[in-house]
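Just below is one structure, and these are the notes that go with it.
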Amino acid sequence: SCQTKPQIAIEQALSPELTKRLRNGDIDVAFASRVDGSDDFNHVLVWSQPLVLGVHKDSPLAKRKSINLSDLGNKEVLTYSPSSPTDPSIREHLPEDSMNLRREFADEITMCSLVSSSKEKMALFCYSFLVTAFQDVVCLRVNDLPIDFHKVYLISRRETHPKVVNDFIDFMSAYRFPNIML
């Protein structure tokens, strides 16, 4: 019998776009956040990220290991826009009414770039290996937020998949991603 080789393509996009592509059948699986209207998909939690406060290395806060949200007072804090997949967690865990949040950013790279350019700027973003590229940015643990602030799932359609897709789902569902500890 003739066996076809699996076609593997790795693409990057924001969670709403990945979910749309999954729904259209363009992709078989996605690593993404849970988005509204995706309850008809399988979601397997595979890792999570803490929300951290990024400050410039010359900021007085940079000497600290952690911070409480109340320590920020009325200082302007950059963070994700309301259209970001982090929005449900932000609304649930941040006291937006008592904070001076500038909610207009799509990703941590942009926020780290801004923090890197000014010792007065600070930002709340999800910690990932990407932020370590910014040597002028120090990340502080936020004590009053859950360590699993932003959850990432392996998402797939509820249908019968080819064996190679099932094997991938099974393998990735069982894989233990290393926890990023600050």
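The values are calculated or read from the model by the stated rules, or taken from the named source; none is laboratory data. Not measured: the values here are computed from a predicted model. Reconstructed Cβ throughout: ideal geometry from the backbone, glycine too, with neighbour counts over all protein chains shown. Side chains included, ligands, DNA and RNA excluded: accessible areas come from the protein's heavy atoms. Shrake-Rupley method; radii C 1.70, N 1.55, O 1.52, S 1.80 Å.
Points worth noting:
- Scope the range 159-174; condition more than 25 Å from the chain's Cα centre (by Cα), of a type in the set (D, E, K, R) and open to solvent by 90 Å² or more (accessible area, probe 1.4 Å); matching residues: GLU159, LYS163
- Restricting attention to the range 151-176 and to residues that are within 19 Å of GLY25 (Cβ to Cβ) and of a type in the set (Lys, Arg), the residue that is modelled with the lowest pLDDT turns out to be LYS163.
- Of all residues making up the range 39-77, the number that are among the polar types (S, T, N, Q), assigned to a loop (DSSP other than H, G, I, E, B) and buried (at least 19 other Cβ atoms within 10 Å of the Cβ): 1
- Long-range neighbours under 9 Å by Cβ, at least six apart or interchain, first residue open to solvent by less than 30 Å² (accessible area, probe 1.4 Å) within the range 139-153, second among the small types (Gly, Ala, Ser) and assigned to a loop (DSSP other than H, G, I, E, B): HIS150/SER33; VAL152/SER33
- Of all residues in the range 89-103, those being of a type outside the set (A, V, I, L, M, F, W, C) and either open to solvent by less than 40 Å² (accessible area, probe 1.4 Å) or in contact (Cβ under 8 Å) with a residue 24 or more places away in the chain (or both) number 6.
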